[in-house]
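The values are calculated or read from the model by the stated rules, or taken from the named source; none is laboratory data. Note that the coordinates shown come from a computational prediction; the quantities given were computed from them, not determined experimentally. With ideal geometry, Cβ positions are generated from the backbone for all residues, glycine too; neighbour counts draw on all protein chains shown. Heavy atoms of the whole protein, side chains included, go into the accessibility calculation; ligands, DNA and RNA do not. Shrake-Rupley method; radii C 1.70, N 1.55, O 1.52, S 1.80 Å.
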Number of protein chains: 2
Amino acid sequence: MLIDRLSNQDFSALASLYRTTLLESVLPFWQQYSLDHEHGGYFTCLDVKGNVYDTDKFIWLQNRQVWTFSMLYNRLDQRSDWLDVASHGANFLAQHGRDEQGNWYFALDRQGRPLVQPYNIFSDCFAAMAFSQYAQASGDDHSKAIALQAYKNVLRRQDNPKGRYNKTYPGTRPMKSLAVPMILANLTLEMDWLLPNEQLESVLDQTIHAVMAEFLDPDSGLVYEHLAPDGSILDCFEGRLLNPGHGIEAMWFMMDIGQRRQDMTLINRAIDTILTILERGWDSKYGGIFYFLDRLDYPPQQLEWDQKLWWVHLETLVALLLGYRLTQREDCWQWYRTVHNYAWSRFNDPNHGEWFGYLNRQGDVLLNLKGGKWKGCFHVPRALYLGWEHCQALT
Amino acid sequence: MLIDRLSNQDFSALASLYRTTLLESVLPFWQQYSLDHEHGGYFTCLDVKGNVYDTDKFIWLQNRQVWTFSMLYNRLDQRSDWLDVASHGANFLAQHGRDEQGNWYFALDRQGRPLVQPYNIFSDCFAAMAFSQYAQASGDDHSKAIALQAYKNVLRRQDNPKGRYNKTYPGTRPMKSLAVPMILANLTLEMDWLLPNEQLESVLDQTIHAVMAEFLDPDSGLVYEHLAPDGSILDCFEGRLLNPGHGIEAMWFMMDIGQRRQDMTLINRAIDTILTILERGWDSKYGGIFYFLDRLDYPPQQLEWDQKLWWVHLETLVALLLGYRLTQREDCWQWYRTVHNYAWSRFNDPNHGEWFGYLNRQGDVLLNLKGGKWKGCFHVPRALYLGWEHCQALT
């Protein structure tokens, strides 16, 4: 549904688009195709029609699906079938997901045997999010303990996320990453019911400072992915890297905090940043938002730099709707229209459900799949749920 | 120069194309732009015109450039300017390239300080190749010792190439990679002047067995990238991966051994395999050889799967010319024409020298560079030198 075919700013039609797609296309897709009824957990490698093409179980995506169905149960509707889907994954993960020290593996095989060691801090991060929501949904104390343990892992590992698997030689060019404070902001808000208020506000303060005063460069108005520990800019591949979708997602996390704290200055700075990133990251030739760019316009290392990814566009839609909801800024709405028309006409698959994940620069489907190692049941339903909520509030 | 504009099979015109491009376009490009006269070693991050856009020094590429200029000095012409270029890199590497145990780092900064730990067996591999050629060129005994030390590192590490940086959980799904026997075949032939004959022939026997009896699947005729330790096929992303350029390059290494041993059976099996890979790996819509495929036609993990890379096409040209030289098989020549016309018209840059590295599926330049983290002074000059040699032999 292109916006041009809507009366301008018909938020009730938009709300209905988000709701219908969530409830009738996306959630049924995962409910129907992703459950492994034999060994537990979820299949995430699903082709365009939902057929399983690989049975490995990636911890990010297992936890994210537990999170999604628990969150919708908690916030939208206490449907027992949604809680069943969440339990299906939570039980599998509680049994197989962690090593003896409570660190979360990166991947398991279909039976739940570890394939890849716990080298990745985001496995713990998504486990904390998943089990926090699931504990709320199920009322299960053991799940609450799992969430808190995972949250502590994240805090403990934040200064050296890869631990002993870190291949960087110490001292030559130390670096810190946007991903850590960014995810901590989102995770901490998620866990607010489990954390002492003082700890929560102090972590939020830290993340706002890191994202808005360090990773957001005042000169360019862009968000950088990697900085020196003292916050200075680095001239190397990692230091020059721009990831527009990541920066924009970080900005709606900031707006979430701004909304909680009724901080309109923070909200407007986040919106300004989103628009600056869009001006830089939008492909004026073929449309869509680039996956990676180099801030000095050098060739990036990532060969996939010019591709158009589902999550980049969905997070942008959420960010722009939230921005418009909080400020009614016309520039938010204009960019929303542009991104909406691009994304809804290309990623959404009304024939078989769910969204495509990966388009080439020209906007054609690059990988004919609905899920894989990195795409599962997360960005699409989260964005559809939030988009629906924002549009509803705007009607 | 398209073959259609040549009289068919005019190998003298082809020899001249390879020679001219090597001597007048490619080598001058690296001689003019890549030398770091301040800190030693080479810049490899060079834009389309040769401007340096990043100064980090990647050990693979540093060693490969030492190898290229030493090899050409040894085999083609004892030009002192070529030996100077080789010495320029060899001195820098001998001083900065290794840790205290003699393991080769993966990357250094411009000054030679280590950036990335020695996690990668191929750093040692390319060091062995580089210092073996350089020792021959320079007559330097210290370089010979460095080459032998690196060769021993490779043999010692071949069963666990990533050592302590290996993130695979032990036991669940052990796997071995084509890259190891493949590179050992090439490396061992390179080092024949330094190795006892018995050791050399025994390593060659092992690599032929691994490549032709294990990684080459008799049913499909394709070369797989990863197998279970007992040689059986794995149904997982790594197990399904096809890398057509890699398989074809492995086959010309096999033909090299076949030529040395006058083994026409080996040579013809290698050619059959190349042609089978080409039938499967050729993009019938846009032309060119895909970078990655899945043997069951599932979506591959690699987002760059449909791109067309310089080295894939150059190694294929070398393989087909060598195959034709050794057998005069008409099917080799027909495929050579097709790949030649595709590659020479798109990758070669007669305006600024060198070849482009990365094209999108449609055949347009994807990254406007001549060198980066993975593309240096290696595949292009090696293939041009070998192509010239093969065409010369065919005149």
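Of note:
- None of A:Asp47, A:Asp77, A:Asp84 is under 29 Å from A:Val154 (Cβ atoms) and among the charged types (D, E, K, R) except A:Asp84.
- Just one of the listed residues (B:Ile289, B:Ile274) is under 20 Å from A:Asn368 (Cα atoms), buried (at least 20 other Cβ atoms within 10 Å of the Cβ) and of a type in the set (A, V, I, L, M), and it is B:Ile289.
- The residue list A:Gly89, A:Gly102, A:Gly97 contains one member that is out of contact with any His (no Cβ under 7 Å at 6 or more places or on another chain), closer than 17 Å to A:Ser132 by Cβ, among the small types (Gly, Ala, Ser) and within 14 Å of chain B (Cβ to nearest Cβ), which is A:Gly97.
- Exactly one residue out of A:Lys162, A:Lys176, A:Lys152, A:Lys144 is more than 27 Å from A:Gln32 (Cα to Cα), of a type outside the set (A, V, I, L, M) and touching a Phe, Trp or Tyr at 6+ places or on another chain (Cβ under 7 Å), and it is A:Lys162.
- Every condition in (1) open to solvent by 60 Å² or more (accessible area, probe 1.4 Å); (2) under 18 Å from the mean Cα position of the chain (by Cα); (3) of a type in the set (A, V, I, L, M) holds for A:Val66 except the one numbered (1).
- Qualifying residue in segment A:223-240 (condition: in the same structural domain as A:Val318 (by TED's automatic domain parsing), assigned to a helix (DSSP H, G or I) and among the β-branched types (Val, Ile, Thr)): no
- In segment B:370-385, the residue that is farthest from the other protein chains (Cβ to nearest Cβ) out of those that are open to solvent by 10 Å² or more (accessible area, probe 1.4 Å) and part of a loop (DSSP other than H, G, I, E, B) is B:Trp374.
- Within segment A:130-147, being open to solvent by 10 Å² or more (accessible area, probe 1.4 Å) and hydrophobic (A, V, I, L, M, F, W, C) holds for A:Ala137, A:Ala145.
- Only one of B:Ala127, B:Ala94, B:Ala150, B:Ala86 that is in contact with a Ser or Thr (Cβ under 8 Å, 6 or more places away or on another chain), assigned to a helix (DSSP H, G or I) and open to solvent by less than 20 Å² (accessible area, probe 1.4 Å): B:Ala86
- Contact annotation: no residue pair with Cβ atoms under 8 Å, 6 or more positions apart or on different chains, pairs a residue in segment A:251-262 that is in a helix (DSSP H, G or I) and open to solvent by less than 10 Å² (accessible area, probe 1.4 Å) with a partner that is modelled with pLDDT under 95 and among the aromatic types (Phe, Trp, Tyr).
- Taken across segment B:2-16, residues that are buried (at least 17 other Cβ atoms within 10 Å of the Cβ), over 30 Å from B:Arg156 (Cα atoms) and touching a His at 6+ places or on another chain (Cβ under 6 Å) do occur, with at least one present.
- Residue match in segment A:27-35 (condition: part of a strand (DSSP E or B) and out of contact with any strand residue (DSSP E or B) (no Cβ under 6 Å at 6 or more places or on another chain)): yes
- Of the set (1) farther than 18 Å from B:Leu317 by Cα; (2) within 19 Å of the chain's Cα centre (by Cα), all apply to B:Arg261 but (2).
- Just one of (1) of a type outside the set (Ser, Thr, Tyr); (2) within 14 Å of chain A (Cβ to nearest Cβ); (3) touching a Lys or Arg at 6+ places or on another chain (Cβ under 9 Å); (4) surrounded by fewer than 23 Cβ atoms within 10 Å (Cβ to Cβ) fails for B:Leu366. It is (4).
- Residue match in segment A:320-337 (condition: part of a loop (DSSP other than H, G, I, E, B) and open to solvent by less than 10 Å² (accessible area, probe 1.4 Å)): no
- Residue selected from segment A:17-54 under the condition within 14 Å of chain B (Cβ to nearest Cβ) and among the hydrophobic types (A, V, I, L, M, F, W, C), by the criterion surrounded by the fewest Cβ atoms within 10 Å (Cβ to Cβ): A:Val52
- Residue in segment A:296-307 that is within 25 Å of A:Lys285 (Cβ to Cβ) and among the aliphatic types (A, V, I, L, M) present: yes
- Filter result for B:Thr265 (assigned to a helix (DSSP H, G or I), surrounded by 21 or more Cβ atoms within 10 Å (Cβ to Cβ) and not small (Gly, Ala, Ser)): no
This table checks each residue for (1) more than 14 Å from every other protein chain (Cβ to nearest Cβ); (2) closer than 19 Å to A:Asn243 by Cβ; (3) in contact (Cβ under 8 Å) with a residue 40 or more places away in the chain.
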| residue | (1), (2), (3) |
| --- | --- |
| A:Asn268 | yes, no, yes |
| A:Ile277 | yes, yes, yes |
| A:Gly281 | yes, yes, no |
| A:Arg295 | no, yes, yes |
| A:Tyr298 | no, yes, yes |
| A:Leu303 | no, yes, no |
| A:Val312 | no, yes, yes |
| A:Leu320 | yes, yes, yes |
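- Residue match in segment B:38-59 (condition: in a helix (DSSP H, G or I) and in the same structural domain as B:Arg98 (by TED's automatic domain parsing)): yes
- B:Asp283 of a type in the set (D, E, K, R) and over 23 Å from A:Gln307 (Cβ atoms): no
- For segment A:153-190, a residue qualifies if it is among the acidic types (Asp, Glu) and either open to solvent by less than 50 Å² (accessible area, probe 1.4 Å) or touching a strand residue (DSSP E or B) at 6+ places or on another chain (Cβ under 6 Å) (or both), and exactly one does: A:Glu190.
- Failed item in (1) in a loop (DSSP other than H, G, I, E, B); (2) within 25 Å of A:Leu155 (Cβ to Cβ), with A:Asn63 passing the rest: (1)
- Within segment A:196-236, considering residues that are within 14 Å of another protein chain (Cβ to nearest Cβ) and open to solvent by less than 20 Å² (accessible area, probe 1.4 Å), the one nearest to A:Asp263 (Cα to Cα): A:Ala228
- Taking every residue in segment A:219-242 that is within 15 Å of A:Ile277 (Cβ to Cβ) and pairing it with any residue that is among the small types (Gly, Ala, Ser), at least 6 positions away or on another chain, the pairs with Cβ-Cβ distances below 8 Å are A:Leu222/A:Gly247; A:Val223/A:Gly247; A:Val223/A:Ala250; A:Tyr224/A:Gly239; A:Glu225/A:Ser177; A:Glu225/A:Ala179; A:Leu242/A:Gly281.
- Yes/no for A:Leu76 being more than 22 Å from A:Ala145 (Cα to Cα), of a type in the set (A, V, I, L, M), at pLDDT 95 or above and open to solvent by 10 Å² or more (accessible area, probe 1.4 Å): yes
- Subset of segment B:350-363 (residues that are within 10 Å of chain A (Cβ to nearest Cβ) and of a type in the set (Phe, Trp, Tyr)): B:Tyr358
- Condition met for A:Leu115 (in a helix (DSSP H, G or I) and open to solvent by 10 Å² or more (accessible area, probe 1.4 Å)): no
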